[in-house]
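Step one of this worksheet: look at the structure below.
Derivation of every value follows stated rules applied to the coordinates shown; laboratory data play no part. Note that the coordinates shown come from a computational prediction; the quantities given were computed from them, not determined experimentally. Because the Cβ atoms are built from the backbone with ideal geometry, glycine has one as well, and the counts that use them run over all protein chains shown.
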Amino acid sequence: TTTDSRMFDGSEFDDGGTAGTHGGFLYLKNTSTGDHDIYFGAVADGGSVTDLEGNNDADRFMTLKKGEFAFLPWDYTMDITCDAEHNDATLEYWVFNRSL
């Protein structure tokens, strides 16, 4: 399995704006050539990163299978974490800042 990691630290993106007004959007796509799932979680800013592969992890909010993608709003009020079931898993991502 892979090492769990803090993919995005919300405090690094925070522009001092109001949640829901400022913030941005995330585009995430599992571009793995093999059949490898990628898991995503959310933790409080600076919180502990957990193993997201387990079915009972309360921080896990999404799984992307090979070829799947997600486009979602993000208020920068938490950290986004990532874990994959195999070291060969690959991910394409973009952050779009909605700064006003």
Share of alpha-carbon pairs per 10 Å distance bin for the chain, given as whole %: 17, 46, 30, 7, 0
Local net charge near Glu68, Cβ-Cβ under 11 Å (Lys/Arg +1, Asp/Glu -1): +2
Spin-label model distance (nm) - Glu92 vs Ser48, 7 Å beyond Cα toward Cβ: 3.6 nm
Under-5 Å amide H pairs with Asp45, H placed in peptide plane, nonlocal only: Asp79
For His36, distant residues with modelled amide H under 5 Å away: Lys66
Net charge contributed by nearby residues that have their C-beta within less than 13 Å of Asn30 (K/R +1, D/E -1): -4
